[in-house]
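This report concerns only the one structure given below.
A short reminder: the numbers here are calculations on the coordinates, not readings from a lab. All of these numbers come straight from a predicted model, not from anything done at the bench. Neighbour counts are summed over all protein chains in view; Cβ atoms, including those assigned to glycine, are modelled from backbone coordinates with ideal geometry.
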């Protein structure tokens, strides 16, 4: 279980960093930083579909775990994107109005 949490933390850091980098390179186009999250959601749905098909052994369980990881990646991407797009500018505007 500790390894799974470490993997989820690594996925979170990777997708948050990717979102930050995409946000820095494409400041005018906000939707670009959400594309990895959208792709992760689509892949997660695909792995859920594959996991529900008949398999030999624990292959279905592995697909379900991959789907959980992809949904976690999408969630971390979307949360980071919302923080970058809405929360940080709101905090900056509040500091500007407080200083005047």
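So how many residues does the range 1-18 have that are farther than 16 Å from residue 33 by Cβ and part of a helix (DSSP H, G or I)? Step through it out loud before you land on a result.
So in the range 1-18, the residues farther than 16 Å from residue 33 by Cβ come out as 1-11.
Right, trim to part of a helix (DSSP H, G or I) and you get 2-11.
The total comes to 10.
Out of the helices (runs of 4 or more DSSP H) lying entirely within the range 30-99, which hold 2 or more residues that are surrounded by 14 or more Cβ atoms within 10 Å (Cβ to Cβ) and either touching a residue at least 60 places away in the same chain (Cβ under 8 Å) or on the phi < 0 side of the Ramachandran plot (or both)?
35-51, 59-82
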